[in-house]
Amino acid sequence: NNTGQNAQSGTALYLGPGMVTLHRSHRAISAPLGIGERDLAPMEALAFKYGGPTTPYDPRVRERPLPPALNVSRLDNWAFDVLEIFPNTLIFQSAALYAVLSLWPSAVDRTRFDAQVYMPAPTNAAERVAIEYGLVSLRDVMREDLNMAEGCTDALSSGVLPEIQLSDQEMAVRHSYAVVDRLVHAYLAGRVA
């Protein structure tokens, strides 16, 4: 599990200029190397050493030429992109894999989360083991993010705070709220946004 890895490694969580791109209803984030990077467990290290690259931090992945749609900002320290498509889809893209994440609200405080992860097919047993370890690691990262979202939902649902303050570092979250606010106001005014 990656809990606290950024704080321990000293990696800044700040996304600088060119790392966040805002569109009318969508947004894209380019994440630098170091976010979520951690020391591997011994079995993980063995699986990745012999099995092939499954994370954006693997030097073998870093050496691959990227297609034009990846790392559009051409950042030297690029790890992955997240494209957020309004209202409920995220596409995670790295040189090692891509994933499509969908969030389907079913109530004010409940959401179904679906994740589809795509990686090159393994050509041997060692690559299969590395892929499985990579998928488990990715699952753990997603569980941590979802656990944080659940905690925020519970805290806001308590009613103790009437609103939440978002810092400038939460530019993508602020943009998402602004899009929802714009669409709700358009609906209430009888306009289709």
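Expressed in nm to one decimal, what extension gain is obtained for the pair residue 60 and residue 90 from 0.36 nm per residue of sequence separation less their Cα-Cα distance?
Between residue 60 and residue 90, full extension yields an extra 8.2 nm.
Would you please name the GluC sites (Glu not before Pro) within segment 26-102 that are DSSP coil residues with at most 13 other C-beta atoms within 10 Å of their C-beta? Here the sparse-neighbourhood loop sites are 63. For the chain, leaving out every one of the trypsin sites (Lys or Arg not before Pro) that falls in a DSSP loop and has at most 15 other Cβ atoms within 10 Å, the longest unbroken run is 75-190. For segment 140-193, the set of GluC sites (Glu not before Pro) satisfying both a DSSP loop assignment and a count of at most 15 other C-beta atoms within 10 Å is given as 163. Counted as membrane-span-like here are DSSP H helices of the chain whose alpha-carbon atoms extend 15 Å or more along the helix's own axis and whose Kyte-Doolittle mean is -0.5 or above; these are 125-157, 171-188.
Calculated [222 nm] ellipticity per residue, helices only, for the chain: -11500 deg cm²/dmol; basis is -39500 (n - 2.57) per DSSP H run with n ≥ 4, divided by all residues, nearest 500.
Note on the chain: the alpha carbon radius of gyration divided by the globular reference 2.2 N^0.38 Å gives 1.14.
For residue 111, the residues 5 or more places off, or on other chains, whose built amide H falls under 5 Å of its own are 106.
Bear in mind that the values in this text are calculations on the coordinates, not laboratory data. Treat the numbers as computed from the prediction; the structure is a model and nothing was measured. Neighbour counts run over all protein chains shown; Cβ positions are idealised from the backbone, glycine included.
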